[in-house]
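To start, the structure under review is shown below, and the notes come after it.
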Amino acid sequence: MSDVHEQLYRIAESQAGYFTAAQAVEAGMDRATLRHHARPPGRYERVQRGLYRLRHFPSSPHEHVVAAWLPLRRAGAVVSHASALDLYGITDIIPTDVHLSVSRAKRGLRPRAGVRVHTLERPLNASEVREVAGIDVTTPERALVDALEDGAQPEQIELGIRQALDRGLTTPRRLREVATGRSARVRAAIEDALARVPA
């Protein structure tokens, strides 16, 4: 049984100490054993239905994002908008909810407190998603454009663009590509921000 616990620890270690019941079963643990170890003072604590955390795992500044994303990961959820910007450390936007994007086919997900689900017309392709701290996140350029379209202040987006370009996280070309097909307001705001950023 200890190899199951070790395997579960390796899984949770890459997810800020969190794991799902499905991951525990895939690691070889039956649900009764999981429930047993989730009772105080067991190895795990139950966070919500189907989501557990290693009891003595150190906390991290973004574990609330992992806790919101992990149960919806199998539905194709990706951290996006202001939450993605926060994970990249660009802009000063402090999201009140965890923003997740899913394809329109998954729009019937049960509402969750502290989680804002955005449905997409088309699923994200692999080039629009990166892994940050073990979490699937939209690219910086996609997150900036999505946040702007969602109502973020243009000054915040300009700051994010400046920081993303300075850190080599994106390019003006990629920002323009993502803005293509968006509203005229969003395209103009991206162009205005890029014009003010030194080359």
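A simple charge model with +1 on the Cβ of Lys and Arg, -1 on the Cβ of Asp and Glu and nothing else charged puts the dipole of the chain at about 720 debye relative to its Cα centre. Derived scalar couplings between HN and Hα for segment 132-143 equal 10, 6, x, 10, 6, 9, 5, 4, x, 5, 5, 4 Hz in order, rounded to whole Hz, by the Karplus curve 6.51 cos²θ - 1.76 cosθ + 1.60 (θ = phi - 60°), x for Gly and Pro. For ASP136, the amide hydrogen comes within under 5 Å of the amide hydrogens of VAL79, counting only partners 5 or more places away or on other chains and with H modelled in the peptide plane. 3J(HN,Hα) along segment 11-27, derived from phi through the Karplus expression 6.51 cos²θ - 1.76 cosθ + 1.60 where θ = phi - 60°, amounts to 5, 5, 4, 7, 10, 6, x, 9, 7, 9, 4, 4, 5, 5, 5, 4, 6 Hz, with x in place of Gly and Pro.
Of all DSSP beta bridges located in segment 67-199, what percent are antiparallel, nearest 5?
Around 45 percent of the beta bridges assigned by DSSP in segment 67-199 are antiparallel ones.
Put +1 on the Cβ of every Lys and Arg and -1 on every Asp and Glu Cβ in the chain; which of TRP69, ALA189, ALA126 then has its Cα farthest towards the positive end of the dipole? Farthest along the dipole direction, towards plus: TRP69.
Laboratory data are not the source of any read-out in this text; all were calculated from the coordinates shown. All figures in this text were calculated on a predicted structure; none of them were measured in a lab. Cβ sites come from the backbone with ideal geometry, for glycine too, and all protein chains shown count toward neighbours.
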